Amino acid sequence: MKLIETMVDRGHEKVLFVNNEKAGLRAIIAVHNTVRGPAIGGCRLYPYASSDDALFDVLRLSRGMSHKNAAAGLDFGGGKGVIIADPSQKTEAMFEAFAEAVNALGGCYITAEDVNTDCDDALIMARKTKYICGLPHISGDPSPYTSIGTWQGIKATAKVVFGTDNLNGMKIAVQGIGKVGFDLCHHLAKEGAKLYVSNRTNMAPLEELRDKFGAEIVPADKILSQECDILAPCAMGAIVNPDTIPNFNCKAIAGAANNVILDLASGEALKARGIAYAPDFIINAGGVINAAGEAAGNYNEEEVLKKVYNIYNTVENILTESKSTGVPEGVIAEQFAEDCIWGRR
């Protein structure tokens with residue numbers, strides 16, 4: 001009953017629970033909205049502490065994909081898949097079984113890579129389903145496009161908050177140096193930004209950024225309170241919450257992580273502190289824009305990049321409206337996305 005009520009509250013169309021013991025697969029696929037077209041969203045693999053945690057995440061992520069795809073002007077709805085496992089537990093059988101679960105949805109959900117999944121995993125899934133994109137011989141790894149869009153969103157944020165999108169000398173703290181965060185740091189450093197970087201485990205990319213660009217390595221438990229101009233969260237979500245908001249020491253938050261703000265009250269509290277926020281599903285849409293270019297057929301990278309670079313304009317418009325009206329950026333962005341879904345724009 002609780003699941004049904006949550007689905008109705010958030011507007012979900014379908015939620016599929018998968019338990020394939022033979023393949024070692026426990027997964028959930030959530031289809032939020034298909035008004036604009038089949039739902040598209042990646043397959044995330046993560047060692048959730050419980051099935052409830054995985055369900056909470058996939059419902060939020062899939063709803064975010066509906067907004068992300070609509071706001072980016074894509075003719076796709078929103079969905080997401082999560083596999084409950086540690087990355088060390090990956091097997092081909094697991095991904096083949098997930099692909100068969102995708103097939104069971106009859107084409108209303110198209111999957112792709114996401115956190116802890118990659119092009120090799122996509123190729124395995126492609127053995128069993130045609131409802132997949134991000135294949136290496138077509139559009140490939142979506143993360144570089146996510147990085148480009150996030151970089152452009154950071155520039156737009158700087159323009160609204162500081163009056164210039166020149167990042168030279170700007171202090172930017174990046175939380176989470178995975179594929180997206182690492183590429184993002186390269187874009188920022190080449191513009192002269194002063195970087196502060198942090199990971200919970202893998203130190204190698206931090207050391208590389210330190211040696212190559214002079215980035216300062218910050219302990220994982222200190223990065224959110226690091227004094228900086230812009231905080232760029234590029235790890236897991238919900239980092240803007242009642243516990244963290246009093247400790248932020250930045251003027252803006254703009255990064256590639258999904259679901260950065262825990263809830264509406266946290267967004268309002270962040271606004272009350274005078275900290276600008278580039279809505280996550282706007283700024284991090286580059287990857288799905290690239291994947292959607294493949295899913296739509298006749299992949300054209302030039303057209304994809306035009307849409308990715310347009311993230312700058314969307315972020316600038318939302319932050320400018322928020323600055324003039326006092327309405328939290330996330331509220332404005334969600335209304336914009338809903339208007340796009342239901343044909344009001």
On the given criteria, is residue 3 outside any strand (DSSP E or B), at pLDDT 95 or above and out of contact with any strand residue (DSSP E or B) (no Cβ under 6 Å at 6 or more places or on another chain)?
no
Here the residues within segment 230-257 that are of a type outside the set (A, V, I, L, M, F, W, C) and either in the same structural domain as residue 46 (by TED's automatic domain parsing) or surrounded by 21 or more Cβ atoms within 10 Å (Cβ to Cβ) (or both) are 233, 255
Taking into account only those residues within segment 18-31 that are touching a residue at least 60 places away in the same chain (Cβ under 8 Å) and not in a loop (DSSP other than H, G, I, E, B), which is farthest from the chain's Cα centre (by Cα)?
20
Counting only residues that are part of a helix (DSSP H, G or I) and of a type in the set (Ser, Thr, Tyr), which one in segment 138-169 is nearest to the chain's Cα centre (by Cα)?
146
Picked from segment 114-150 (must be of a type in the set (Gly, Ala, Ser), farther than 25 Å from residue 313 by Cβ and buried (at least 23 other Cβ atoms within 10 Å of the Cβ)), the residue modelled with the lowest pLDDT is 134
In this structure, is residue 323 modelled with pLDDT of 95 or more, buried (at least 19 other Cβ atoms within 10 Å of the Cβ), in a helix (DSSP H, G or I) and in contact with a helix residue (DSSP H, G or I) (Cβ under 9 Å, 6 or more places away or on another chain)?
no
Which residue, of 171, 179, 90, is touching an Asp or Glu at 6+ places or on another chain (Cβ under 8 Å), assigned by TED's automatic domain parsing to the domain that holds residue 14, in contact (Cβ under 8 Å) with a residue 24 or more places away in the chain and of a type in the set (Lys, Arg)?
90
Every residue from segment 32-53 that is in a loop (DSSP other than H, G, I, E, B) and charged (D, E, K, R):
36
Options 172, 177: the member that is part of a loop (DSSP other than H, G, I, E, B), buried (at least 23 other Cβ atoms within 10 Å of the Cβ), hydrophobic (A, V, I, L, M, F, W, C) and at pLDDT 95 or above
177
Take segment 102-113 and flag every residue that is closer than 21 Å to residue 21 by Cβ and crowded, with 24+ Cβ neighbours inside 10 Å.
102
Only residues in segment 118-146 that are on the phi > 0 side of the Ramachandran plot count as the first member; pair them with residues that are in a helix (DSSP H, G or I) and not acidic (Asp, Glu), Cβ under 6 angstrom, at least 6 apart or cross-chain, and list the lot.
134/122; 134/291
Consider residue 237 carefully, then state whether it is touching a residue at least 40 places away in the same chain (Cβ under 8 Å), part of a loop (DSSP other than H, G, I, E, B) and under 28 Å from residue 119 (Cα atoms).
yes
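The values are calculated or read from the model by the stated rules, or taken from the named source; none is laboratory data. Small disclaimer: the values here were computed from a predicted structure and weren't measured. When we count neighbours, we look across all protein chains shown, and the Cβ atoms used for this are built from the backbone with ideal geometry, even at glycine.
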